[in-house]
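Peer 1: Before I ask anything, here is the structure I am working with.
Nothing in this text is a laboratory measurement; each read-out follows from the coordinates by a stated rule. Since the structure is predicted, the reported quantities are computational estimates derived from the model, not experimental observations. Cβ placement follows ideal geometry from the backbone for every residue including glycine, while neighbour counts extend to all protein chains displayed.
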Amino acid sequence: MPKLLSRLFRFVMTIAVFLYRLTGGKFGGKVQGLRVLLLTTTGRKTGKERTTPLGYFEHDGGYVIIGSNGGFDTHPAWFHNLGSNPRAAIQVREEQFEVKAEIAGPDQRGQLWLRLMEVAPSYANYAKRTSREIPLVILRRVA
C-alpha cells in the first residue's frame, strides 16, 4: 500500500474508532451485516497499543473476528500482533474488557466460515481476491 494511502487509511480508522467510542458503537457499529467491535492489541514491533474496528459474530460465548484485510495477500497487522501476544482488549458497544485470542484450527475454521457465509456472505469476495486462507480468530473474555 503506498505511503499516502496508508496514512489516509490510518486517519480514517482513527476517526472511526473515535466515533465508535463516543457513541458506544451507535456510529460505526455495523459493517457488511456484522456488528463491529474495537480490538486493541499491542504492536509486536513498537509495543504501542493499536485499535482497529472489526466486524464480528458471536460463537460459543466468544467473539469471532475475520482476518480478511480487504482481500490483500497479507494478514492484517492486528493478526500478527495477536500472534505475538494473544492478550488484548475489546470494546463491544459500551462494554470494555480483556480477552485472549485463539486462532481457529482447520475443523473449527470450516464450521465458523460456514456461519460467516450465512451472516455476512460478502466476505466470500475477500476470499476470492486473495491467495491466502483468511484466518478466523476467537476472542474469549479473560476472567
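Peer 1: Scanning the chain for helices, which whole DSSP H stretches are 15 Å or more long along the axis (Cα) and average -1.0 or more by Kyte-Doolittle?
Peer 2: 3-23, 106-119
Peer 1: Between Ile15 and Arg141, what length comes free when the chain is fully extended (0.36 nm per residue of separation minus the Cα-Cα distance, one decimal in nm)?
Peer 2: Stretched fully, the Ile15-Arg141 segment lengthens by 42.7 nm.
Peer 1: If you don't mind, another one. Based on DSSP H runs of at least 4 residues, each adding -39500 (n - 2.57), what is the mean residue ellipticity at 222 nm of the chain after dividing by all its residues, to the nearest 500 deg cm²/dmol?
Peer 2: Mean residue ellipticity, 222 nm, calculated: -11000 deg cm²/dmol.
Peer 1: Right, next: Please state, to two decimals, what the Cα-based radius of gyration of segment 3-141 comes to when divided by 2.2 N^0.38 Å (N = residues).
Peer 2: Against the empirical 2.2 N^0.38 Å value, I get 1.00 for segment 3-141.
Peer 1: Nearest 20 debye, what's the magnitude of the dipole of the chain about its Cα centre given +1 on Lys and Arg Cβ and -1 on Asp and Glu Cβ?
Peer 2: 560
Peer 1: Give me the dipole magnitude in Debye, nearest 20, for segment 19-63 about the Cα centre, with unit charges on the beta carbon: positive for Lys and Arg, negative for Asp and Glu.
Peer 2: Result for segment 19-63 is approximately 280 debye, rounded to the nearest 20.
Peer 1: Considering only DSSP states other than H, G, I, E and B, which GluC sites (Glu not before Pro) in segment 38-139 qualify as loop sites with at most 16 other Cβ atoms within 10 Å? Before the final figure, lay out the partial values.
Peer 2: Details: sites: Glu49, Glu58, Glu94, Glu95, Glu98, Glu102, Glu118, Glu133; in loops: Glu94, Glu133.
Listed in order of number, the matching sites are Glu94, Glu133.
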